[in-house]
Amino acid sequence: MIGSVAIFVPAISPKKMGKALTLATDTIYFDLEDSVAADQKDEARACLSKFLESSDGGGRCLLARVNPIGSLWWGQDVASLANCRTLSALLLPNADLASVTVLSDQLNRFDSHLKIVPLIETARGLEEARKAALVSSRVAALQFGGEDYTTSLGVRRTFSGEEITYARFRLANLARAYNLDIMDTPFTAIQELEMLAADCRRAADMGFTGKAVIHPSHIDVVRQAFRPGEAEIEKARRLIAAYERQIGERIGVFTFEGAMVDAPIIQRARNTLTKAGL
Ligand code: COA
Ligand code: MG
């Protein structure tokens, strides 16, 4: 649903929202929460509604990040967006079992079509992520939020990200178990594209399906990192060709380029080609 790149855009900025529609991103997260100051919440909500009336997203998946359940603003956020046909889902900050349940019930009251993407970004949210993901059929994907998560843990946040390894592995496993997309946390150092690429590789190697970004310059790096590389694609092709030769002789296991190959390894090669759109 979300693809491999989602960009956060402050809903208070019509200029940035307009710009987002020119970017090669799969998904846009219009933000009513952390990037909007408390005294601008009403203005941002009005800006977003106006923007969504005049745009269909040009094939991109559009989500809005509402304010957290229990905040002063979430009720109005949800009421203004629940029946907006241009949106696909709401991104719910500080998600846990109780808040996903409340949002889902509220959307039911509005007879809304919207899905929910829980933003897992607290220690408690991580503990309850499985229940939160399964409590409502509206849950379509998960988003990890590393900044709030490390704040909630009371630990340092680094660009190399050792402190989020446990949460990432756990969420990636959860998402794969229930066939949900799983989006990684944005990388906040705008100019550090090499560090960004390394950060993407770590997430992709753990099983994340994509990553959120906060700046247009991060889009290409993220997209490339979540797509199999040329060498990987070529190897998958060679392996499948070798397998097809073997299967003609009814052999299930064989040696390919010095390593054993059997069913799961063939499946991985097929997955690589599918991911590459081949
Ligand atoms: N979405 C759309 N356009 C964006 C953008 C975004 N997230 N971030 C920057 N741009 C645009 C700028 O408007 C500018 O456009 P222009 O060249 O047409 O004038 C261009 O990209 C270059 O931006 P730049 O000058 O490098 O950045 P900035 O100083 O304007 O903004 C941030 C820096 C961090 C404030 C901005 O990137 C941003 O708002 N990011 C999203 C923050 C957010 O939503 N956080 C909450 C979730 S973690
Ligand atoms: Mg936050």
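The values are calculated or read from the model by the stated rules, or taken from the named source; none is laboratory data. Since the model is a prediction, treat every value here as computed from it, not as a measurement. Positions of Cβ are backbone-derived with ideal geometry, glycine not excepted, and every protein chain shown enters the neighbour counts.
A few comments on the model shown:
- The C-beta contact set for the range 50-78 (first residue more than 19 Å from residue 17 (Cα to Cα), second residue aromatic (Phe, Trp, Tyr) and modelled with pLDDT of 95 or more, distance under 9 angstrom, 6+ apart or interchain) comprises 68/74; 78/110.
- Of all residues in the range 3-20, those that are assigned to a loop (DSSP other than H, G, I, E, B) have Cβ atoms under 8 Å from Cβ atoms of residues that are among the charged types (D, E, K, R), 6 or more apart or on another chain, in 3/26; 4/26; 4/211; 4/223; 4/227; 11/31; 11/45; 12/43.
- Single residue of 48, 23 found to be in the same structural domain as residue 205 (by TED's automatic domain parsing) and crowded, with 20+ Cβ neighbours inside 10 Å: 48
- Residue within the range 151-159 that is within 16 Å of ligand 1 (Cβ to nearest atom), outside any helix (DSSP H, G or I) and under 27 Å from residue 190 (Cβ atoms) present: yes
- The residues on offer are 34, 77, and the sole one that is charged (D, E, K, R), within 16 Å of ligand 2 (Cβ to nearest atom) and closer than 22 Å to residue 222 by Cβ is 34.
- Within the set 80, 71, 99, the sole residue that is within 22 Å of residue 148 (Cα to Cα) and either surrounded by fewer than 21 Cβ atoms within 10 Å (Cβ to Cβ) or within 16 Å of ligand 1 (Cβ to nearest atom) (or both) turns out to be 71.
- Selected residue [within 23 Å of residue 215 (Cβ to Cβ) and small (Gly, Ala, Ser)] from 82, 89, 95, 123: 89
- Hey, residue 28 without any contact (Cβ under 8 Å) to a residue 60 or more places away in the chain and in contact with a Phe, Trp or Tyr (Cβ under 9 Å, 6 or more places away or on another chain) or not: yes
- Qualifying residue in the range 247-258 (condition: part of a helix (DSSP H, G or I) and not hydrophobic (A, V, I, L, M, F, W, C)): no
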